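The values are calculated or read from the model by the stated rules, or taken from the named source; none is laboratory data. As the structure is a prediction and not an experimental result, all values here were calculated from the model. Cβ atoms come from the backbone with ideal geometry, glycine included; neighbour counts cover every protein chain shown.
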Ligand code: HEM
């Protein structure tokens, strides 16, 4: 982008000898910045069109509750039982969804708790809400709901907990093969919930009931991720958390490789086995990021480029044309 | 705003805000230094192309993102044209990041923060972080399986440090606005600052030619 016709600087530099030498006191050469930019723009534009035409982009359809109920009905039932028993991931999460737990700490500081419960989610309601709204025709579900609503908290937890355990022991988690026991109305509720999921109306009931537009699927996504199906689907696509997870894309696409360092920590101890991994990895990344920002001031680190002289390659022409003795 | 008694061109101190701003700008990047057609002799390496390539890719990212916005955020699932525009956007982002990462490493090995250029480096890092945030929120607003998975995974990290309470990755409406308004604006602003700083200081001299050893 430039022709090498060096000239001496026209302006005599009036810097004091103690001041380091800077850009303006060197000989110059022609350099067309605007032409460089325009060529770069054309090249990047053509490359983009070429890659898009050749490789398109991935678009795996979202999981719907109907497709979940279709593909893994036993998982829907087990998830509903866990929501009622208060043992699902969302039910035991803590802030920002509820106060069931303190949340993670970073060096003993309860940042998660300080964030507050700003997106309140009652996990049992993820099941009971849609059931109540759609049970008008189903007398058995109506009766089961009435029985549930009339029972004490302890009674409800005992029923749902026992049913969740029994499901876990049944062959393939099949609700039809559960050993008999005192589960109260829970099997009727969870089966009724499976029916609601099958109809395809569950998304709407979870995201827009009470609001016409319903633009916030937080509750629906929490319910989905309480199940095992989404994770199984993701693992099958090499997207698990211990498989460099969300850095990857569905299909054979590059995804977000620039997240490699964040994802990396989840793969190694102590993080890979810690209960506080999320907070620790975040803390670690904040520290490293601060280090990157302040790199020019960190003794040692800022000298690495002098010790490992990659710059000899970058400026090889200059070092060749202007050996130390001839520099002005 | 200026007083009529002062003839044009004569100096009367910083008596207008306009004049103060103009002089501030001229001091920051003197005329001719903004777009010079000569550079110091040592500016002769392929590595210098990657800063400009990053900037060019940012343009393509913004333009393709704008095209994608025309049809609304679920358009690309149902239209083959929309899908193609989405592909353009995706690949321009990949090129943008590739160029930026090469640029970053280049500047590291050149220790390009020397001679009062630390702020150039620091704005560069902030541009990198803001870009990561922008790309991330883009992945969250795809409204497909990928965004379901990424959002439900990423929520734990953000919740663990309290950010999730305000920045809800499970809400694609909120994420979409960050992705198309707030974060691109931040990236653009920082990129402008970064480049003004580059022009202000001139290109950093080679290590060992800067008289610092
Ligand atoms: C939006 C992202 C970015 C854009 C558009 C951008 C653009 C540019 C451009 C056009 C230049 C001048 C040409 C060159 O020397 O390559 C430059 C210089 C520079 N960039 Fe960036 N950059 C970005 C991100 C970064 C990052 C992530 C870093 C490092 C952490 C960085 C550090 C620097 C430094 C230190 C210089 C001064 C180089 C010198 O004086 O020789 N930049 N940038």
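Going by the structure shown, is residue B:151 assigned to a helix (DSSP H, G or I), surrounded by 21 or more Cβ atoms within 10 Å (Cβ to Cβ), more than 14 Å from the ligand (Cβ to nearest atom) and facing chain A (nearest Cβ under 9 Å)? Spelling it out, residue B:151 is indeed assigned to a helix (DSSP H, G or I), surrounded by 21 or more Cβ atoms within 10 Å (Cβ to Cβ), more than 14 Å from the ligand (Cβ to nearest atom) and facing chain A (nearest Cβ under 9 Å).
Here residue B:68 fulfils each of the conditions (1) part of a helix (DSSP H, G or I); (2) under 25 Å from residue A:259 (Cβ atoms); (3) touching a residue at least 60 places away in the same chain (Cβ under 8 Å) apart from (3). In the range B:38-62, the residues that are touching a residue at least 40 places away in the same chain (Cβ under 8 Å) reach residues that are part of a strand (DSSP E or B) and more than 8 Å from the ligand (Cβ to nearest atom) with C-beta atoms within less than 7 angstrom, at least six apart or across chains, in these pairs: B:39/A:28; B:39/A:29; B:40/A:28.
Going residue by residue through the range A:40-49, is there one that turns out to be in a loop (DSSP other than H, G, I, E, B) and at pLDDT 90 or above? Checked the range A:40-49: no residue is in a loop (DSSP other than H, G, I, E, B) and at pLDDT 90 or above. Selection of the range B:195-213 for residues being within 12 Å of chain A (Cβ to nearest Cβ) and in a helix (DSSP H, G or I) yields B:195, B:198, B:199, B:200, B:201. Please verify whether residue A:170 is more than 14 Å from chain B (Cβ to nearest Cβ) and modelled with pLDDT of 95 or more, treating the condition exactly as stated. Answer is no for this residue. Among the residues of the range A:101-116, those that are surrounded by fewer than 16 Cβ atoms within 10 Å (Cβ to Cβ) and free of Cβ contacts under 8 Å to residues at least 60 places away in the same chain comprise A:101, A:102, A:108, A:109, A:114, A:116.
Does residue B:51 count as modelled with pLDDT of 95 or more, within 11 Å of the ligand (Cβ to nearest atom), in a helix (DSSP H, G or I) and in contact with a helix residue (DSSP H, G or I) (Cβ under 6 Å, 6 or more places away or on another chain)? Criteria met by residue B:51. Residues that are more than 11 Å from the ligand (Cβ to nearest atom), surrounded by 16 or more Cβ atoms within 10 Å (Cβ to Cβ) and over 12 Å from the mean Cα position of the chain (by Cα) within the range B:175-198 comprise B:175, B:176, B:178, B:179, B:180, listed in sequence order.
Results for (1) within 7 Å of chain A (Cβ to nearest Cβ); (2) more than 30 Å from residue A:120 (Cβ to Cβ); (3) part of a helix (DSSP H, G or I), shown as yes or no for each residue.
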{"residue": "B:81", "(1), (2), (3)": "no, yes, yes"}
{"residue": "B:95", "(1), (2), (3)": "yes, yes, yes"}
{"residue": "B:113", "(1), (2), (3)": "yes, yes, no"}
{"residue": "B:133", "(1), (2), (3)": "no, no, yes"}
{"residue": "B:142", "(1), (2), (3)": "no, no, no"}
{"residue": "B:146", "(1), (2), (3)": "yes, no, yes"}
{"residue": "B:173", "(1), (2), (3)": "yes, no, yes"}
{"residue": "B:193", "(1), (2), (3)": "no, yes, yes"}
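For the range A:27-41, filtering for residues that are more than 7 Å from chain B (Cβ to nearest Cβ) and either touching a residue at least 40 places away in the same chain (Cβ under 8 Å) or in contact with a helix residue (DSSP H, G or I) (Cβ under 9 Å, 6 or more places away or on another chain) (or both) leaves 2. Being farther than 30 Å from residue A:233 by Cβ, within 17 Å of the chain's Cα centre (by Cα) and in contact (Cβ under 8 Å) with a residue 12 or more places away in the chain is a property that residue B:89 lacks. Elements of the type helices (runs of 4 or more DSSP H) sitting completely within the range A:257-328 and holding at least 2 residues that are closer than 23 Å to residue B:40 by Cβ and within 10 Å of chain B (Cβ to nearest Cβ): these cover A:304-307, A:311-314, A:316-321.
Okay, residues lined up against (1) within 11 Å of chain A (Cβ to nearest Cβ); (2) in contact with a strand residue (DSSP E or B) (Cβ under 7 Å, 6 or more places away or on another chain):
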site: B:31; (1), (2): no, no
site: B:41; (1), (2): yes, yes
site: B:50; (1), (2): yes, no
site: B:58; (1), (2): yes, no
site: B:64; (1), (2): yes, no
site: B:76; (1), (2): yes, no
site: B:85; (1), (2): yes, no
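Going through the range B:26-47 one residue at a time, which ones are in a loop (DSSP other than H, G, I, E, B), more than 23 Å from the chain's Cα centre (by Cα), surrounded by 13 or more Cβ atoms within 10 Å (Cβ to Cβ) and more than 13 Å from the ligand (Cβ to nearest atom)? If the condition is that a residue be in a loop (DSSP other than H, G, I, E, B), more than 23 Å from the chain's Cα centre (by Cα), surrounded by 13 or more Cβ atoms within 10 Å (Cβ to Cβ) and more than 13 Å from the ligand (Cβ to nearest atom), then B:37, B:41 are the ones that fit.
Of the residues making up the range A:44-71, those that are crowded, with 20+ Cβ neighbours inside 10 Å and more than 7 Å from every other protein chain (Cβ to nearest Cβ) are A:65, A:68, A:69.
Applying the set (1) farther than 22 Å from residue A:318 by Cα; (2) near the ligand (Cβ under 10 Å from one of its atoms) to residue B:201 leaves exactly one unmet item: (1). Filtered by the rule that a residue be free of Cβ contacts under 8 Å to residues at least 12 places away in the same chain and closer than 26 Å to residue B:172 by Cβ, the range B:115-146 gives B:129, B:132, B:139, B:142, B:145, B:146.
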